[in-house]
Amino acid sequence: MHVHLVNPSDYSFGTAVITPRWLFVLAAATPHAVGDPILVDESLEQLEPKTIMPGDIVGISVHTGNALRGYEVGRIARERGAWVVYGGIHATLYPEEAFERGNAHAVVKGDGDLAWGKVVNDILSGQLQRVYEGGRVEGTQFLAARWDLMPPDKYMWASVQTLRGCPKHCSFCSVWRTDGQRPRQRRHQSVIDEIAGLRRIGFRFIALADDNFYPVTLTDLRLARQQNNLAKLEELTAIRTERFQLMEGLAKLPSDMVFYTQITMEAAEDGEFLDAMRKANIKGALVGVESVTPEGLKTVFKDFNCSGDALAKQLLTFEDHGVHVRIHRQPSMPRLRWR
């Protein structure tokens, strides 16, 4: 019996820009008793159905953009007698769809770091449940990816996650619904160790695949002080301190490394944070500009952003501190992402 983990895609190019991190994290979560999983990233090459045998376990992670192909893979796997399990953001939001259209035996909602191992063990013991609540695991429980299983020379960028969750609640975004509004942060040394391992196998370009790399704003700290909410202030300060420790660690890595991440526009208020990003070789960031008018921002619950001349000033602030930004205008739909 083998475990297969499949990243579905309608198109295969033989190479890809960024590693599908979830594939290698769930590889780390796979119990040793079943051996190393077989990893299939269909953006590289299509699944070969003949590799799936009766009794095998097939895990498929779907986001909205690849859900239909994911369901096709699930139907193929089940026809070949395999156990079919779905996870990912789309399956978390619409679990019944995976049963109706993907012939699922089970669905994992939420994080898979802990739940995936339980699924595999339950199949082995004949106690598989229909739905597993993976929940939102703490940062100390995030698994480092099994990069040793990655095919060499297939990806341009590696991806490392330092936190999950975002305190905002933008109407178009799925993150706060699936990953919550409380930032769950990995210990900085765990992140540095994983990145150092990637550097040893030749990666210079790393995407810090976080929901929001700037989870605590100066405004958050000011409001906690004004409200005399000491517990909240302590929590926020600890998160911010850990962010700076992470960036200090990144700054000590080889200077030819390049990092990229995504943050909210609010980071423009925090010159100290932007300077730390620059020193850490975080060369650029994806920021969201959903509307250029106050009325438009209010309609998507993002009125913490600026508009007009103030927006232009914020964008220039990033440049002044050496962080290049890519403007991203978000469509009104759940974010297409996976872990």
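Identify all residues within the stretch 40-78 that are among the aliphatic types (A, V, I, L, M) and either over 25 Å from the mean Cα position of the chain (by Cα) or surrounded by fewer than 21 Cβ atoms within 10 Å (Cβ to Cβ) (or both); write none if there are none.
Correct list: LEU44, ILE52, MET53, LEU68, ILE76, ALA77.
Among (1) modelled with pLDDT of 95 or more; (2) part of a loop (DSSP other than H, G, I, E, B); (3) open to solvent by less than 70 Å² (accessible area, probe 1.4 Å), there is one condition SER190 misses while meeting the rest; what is its number?
(2)
Which residue, of ARG182, ARG101, is in a helix (DSSP H, G or I) and open to solvent by 20 Å² or more (accessible area, probe 1.4 Å)?
ARG101
Check off (1) loosely packed, with under 14 Cβ neighbours inside 10 Å; (2) at pLDDT below 80; (3) not in a loop (DSSP other than H, G, I, E, B) for MET333 and give me the number that stays unchecked.
With respect to (1) loosely packed, with under 14 Cβ neighbours inside 10 Å; (2) at pLDDT below 80; (3) not in a loop (DSSP other than H, G, I, E, B), MET333 is out only on (3).
In the stretch 139-159, which residue that is out of contact with any strand residue (DSSP E or B) (no Cβ under 6 Å at 6 or more places or on another chain) and surrounded by 14 or more Cβ atoms within 10 Å (Cβ to Cβ) is nearest to LEU250 (Cα to Cα)?
Going through the qualifying residues, I end up with ALA144.
Could you tell me which of the residues ARG130, ARG136 is of a type outside the set (Ser, Thr, Tyr), open to solvent by 60 Å² or more (accessible area, probe 1.4 Å) and within 24 Å of LEU163 (Cα to Cα)?
Within the list ARG130, ARG136, the selection yields ARG136.
Looking at the stretch 227-242, is at least one residue surrounded by 15 or more Cβ atoms within 10 Å (Cβ to Cβ), touching a residue at least 24 places away in the same chain (Cβ under 8 Å) and of a type outside the set (Lys, Arg)?
yes
State all residues of the stretch 224-255 that are on the phi < 0 side of the Ramachandran plot and of a type in the set (S, T, N, Q); if no residue qualifies, say none.
Within the stretch 224-255, GLN226, GLN227, ASN229, THR237, THR241, GLN245, SER255 qualify.
May I ask you to verify whether GLU96 is in a helix (DSSP H, G or I) and open to solvent by 50 Å² or more (accessible area, probe 1.4 Å)?
Answer is yes for this residue.
List, please: which pairs have Cβ atoms under 7 Å, are six or more places apart or on different chains, and start with a residue in the stretch 62-81 that is under 22 Å from MET1 (Cβ atoms) and end with one that is open to solvent by 10 Å² or more (accessible area, probe 1.4 Å) and in a helix (DSSP H, G or I)?
Pairs that qualify, where the first residue is under 22 Å from MET1 (Cβ atoms) and the partner is open to solvent by 10 Å² or more (accessible area, probe 1.4 Å) and in a helix (DSSP H, G or I), are ILE76/PRO49; ARG80/PRO49.
Failed condition for VAL108, given (1) surrounded by fewer than 22 Cβ atoms within 10 Å (Cβ to Cβ); (2) without any contact (Cβ under 8 Å) to a residue 60 or more places away in the chain, with all others met?
VAL108 satisfies all of (1) surrounded by fewer than 22 Cβ atoms within 10 Å (Cβ to Cβ); (2) without any contact (Cβ under 8 Å) to a residue 60 or more places away in the chain except (1).
With the condition kept exactly as written, say whether any residue in the stretch 14-31 is touching a helix residue (DSSP H, G or I) at 6+ places or on another chain (Cβ under 7 Å), within 14 Å of ILE123 (Cβ to Cβ) and surrounded by fewer than 17 Cβ atoms within 10 Å (Cβ to Cβ).
The answer is yes, given that some residue of the stretch 14-31 is touching a helix residue (DSSP H, G or I) at 6+ places or on another chain (Cβ under 7 Å), within 14 Å of ILE123 (Cβ to Cβ) and surrounded by fewer than 17 Cβ atoms within 10 Å (Cβ to Cβ).
The values are calculated or read from the model by the stated rules, or taken from the named source; none is laboratory data. From a predicted model like this one, the values you see are computed outputs, not experimental measurements. Please note: Cβ atoms are built from the backbone with ideal geometry, for glycine as well, and neighbour counts cover all protein chains shown. Keep in mind that these areas ignore ligands, DNA and RNA; they rest on the heavy atoms of the full protein, side chains included. Shrake-Rupley method; radii C 1.70, N 1.55, O 1.52, S 1.80 Å.
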